[in-house]
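As structure tokens, the structure follows; a few thoughts come after it.
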Ligand SMILES: NC(=O)c1ccc[n+]([C@@H]2O[C@H](COP(=O)([O-])OP(=O)(O)OC[C@H]3O[C@@H](n4cnc5c(N)ncnc54)[C@H](OP(=O)(O)O)[C@@H]3O)[C@@H](O)[C@H]2O)c1
């Protein structure tokens, strides 16, 4: 079950949001009284409640907005109990002074916005002494490993416990809380109005993560990156799991470089069986696996990890996805790329995977990077040619591939290659997928070029990952459709 928190400054907005959520299927709603400006009309809020309700009035020290006296706040909480609110939230330092009465259930809560304390179990044990129906612990995650401790706490708790790590690094704990036995997790009523750091919206929890369908035995997959919030991988993979009725969930995992090692060792403890890997970890993971496929061994970068019985296995689905995307736009001749010149812009991870694929198809590859040493390094590694960035228009190429982020949202008015240099005979491939129709793609179309978009590559690499994760075929058309819809929206 999800508890959806509403924080509005006016009663009528609070009531209409509450009604709307109940109509949308919310089973439990938290009314944050501390957001209300002016006199709080608790009775009318409770009388009109369309679904079970938690009454919370948070002090500033606990991340709330209540600015009046502590006496007045506790009087409100007592009144909520007298008026038979379904649940009332009592912070652990005041819970002992407010006795149980009637049918109202007691949520005894603790918040720490700085850290996840080392003595989490002792703290929990103390809270269990305060006559709770539910214990709620919300602490800041400063490491992805804090989630492991929090989820373990929920799993071992004798009293039903909602344990949440706050912040971007803690998002996974919000999504997996129910899998570990929490009676509910929290979500915000609107994606632009988070009431706590890292909170996901009711719609995201319901429609992307299918929170209510996550079981204790659901397999967990995820994407490791830093930063993580903008990743579209959870959307595309969860859509695929849901469509194929696979008992699995795919979560965003912000893992800073310094925590990568320990995270990879401990990931199976929270049910993780496979991971997508993106910036900045694609190269670093290669030294931490026991097995790797041919592409990973050749280029030293992986974008997929699978926990197999005999160790961690690394794959690279980027290279094949890029080549499949390109070849789908070309004559059905397996040797078509042979001896053709391909100009690759950029010298990072995507450039490496794509240049490798082109070279295996015997194309002549020229790398143009804005940092000459990096471009030369890549060219040396793959045995191809590097040229300076400002020499890119001098290359007579059949294929042009953009592997820089130029043109990516919000930089949508820029292109790494000027329009008037684009000849109609050139196939233009932009790996940027957000937006799909980058300025480069628009210019190429208007010059009469064949185009390949980053959406195609992104979908294909995710389809290949889905195959590796599940052993099943992926619903590729559906994955393409949701990604196009999401990147279309981001373009606005
Ligand atoms: N469609 C897909 O499935 C997919 C998959 C992976 C990546 N991508 C796309 O590929 C792009 C690159 O990803 P990556 O993993 O290769 O990143 P990366 O390793 O950071 O490499 C980025 C490359 O672009 C260059 N660059 C950055 N800003 C530039 C600018 N303003 N002008 C010229 N060059 C610039 C960098 O140059 P320096 O060396 O000088 O820093 C570097 O060579 C991303 O934008 C992403 O959208 C798409």
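The values are calculated or read from the model by the stated rules, or taken from the named source; none is laboratory data. All figures in this text were calculated on a predicted structure; none of them were measured in a lab. Positions of Cβ are generated from backbone atoms using ideal geometry, with glycine treated the same way; all protein chains shown enter the neighbour counts.
Descriptive notes on the structure:
- Strands (runs of 3 or more DSSP E) wholly inside the stretch 23-101 that include at least 2 residues being modelled with pLDDT under 95, closer than 17 Å to residue 196 by Cβ and assigned by TED's automatic domain parsing to the domain that holds residue 138: none
- Residue match in the stretch 309-322 (condition: touching a helix residue (DSSP H, G or I) at 6+ places or on another chain (Cβ under 8 Å), closer than 24 Å to residue 471 by Cβ and more than 15 Å from the ligand (Cβ to nearest atom)): yes
- Verdict on residue 305 being away from the ligand (no atom under 12 Å from the Cβ), assigned to a strand (DSSP E or B) and without any contact (Cβ under 8 Å) to a residue 60 or more places away in the chain: yes
- Qualifying residue in the stretch 220-232 (condition: within 22 Å of residue 269 (Cα to Cα) and assigned to a loop (DSSP other than H, G, I, E, B)): yes
- So residue 58, is it over 27 Å from the mean Cα position of the chain (by Cα), surrounded by 22 or more Cβ atoms within 10 Å (Cβ to Cβ) and within 20 Å of residue 90 (Cβ to Cβ): yes
- Scan of the stretch 290-329 for residues that are outside the structural domain of residue 430 (by TED's automatic domain parsing), surrounded by fewer than 19 Cβ atoms within 10 Å (Cβ to Cβ) and over 19 Å from residue 237 (Cα atoms), ordered by number: 290, 291, 293, 294, 297, 298, 300, 308, 309, 310, 311
- Residue match in the stretch 330-338 (condition: assigned by TED's automatic domain parsing to the domain that holds residue 426, away from the ligand (no atom under 11 Å from the Cβ) and in contact (Cβ under 8 Å) with a residue 60 or more places away in the chain): yes
- Residue 131 being closer than 25 Å to residue 198 by Cβ and assigned by TED's automatic domain parsing to the domain that holds residue 39: no
- On inspection, residue 451 fails the criterion of being surrounded by 19 or more Cβ atoms within 10 Å (Cβ to Cβ), away from the ligand (no atom under 15 Å from the Cβ) and over 30 Å from residue 306 (Cβ atoms).
- Selection within the stretch 280-302 - within 16 Å of the ligand (Cβ to nearest atom), part of a loop (DSSP other than H, G, I, E, B) and more than 29 Å from residue 398 (Cβ to Cβ): 280, 281, 283, 302
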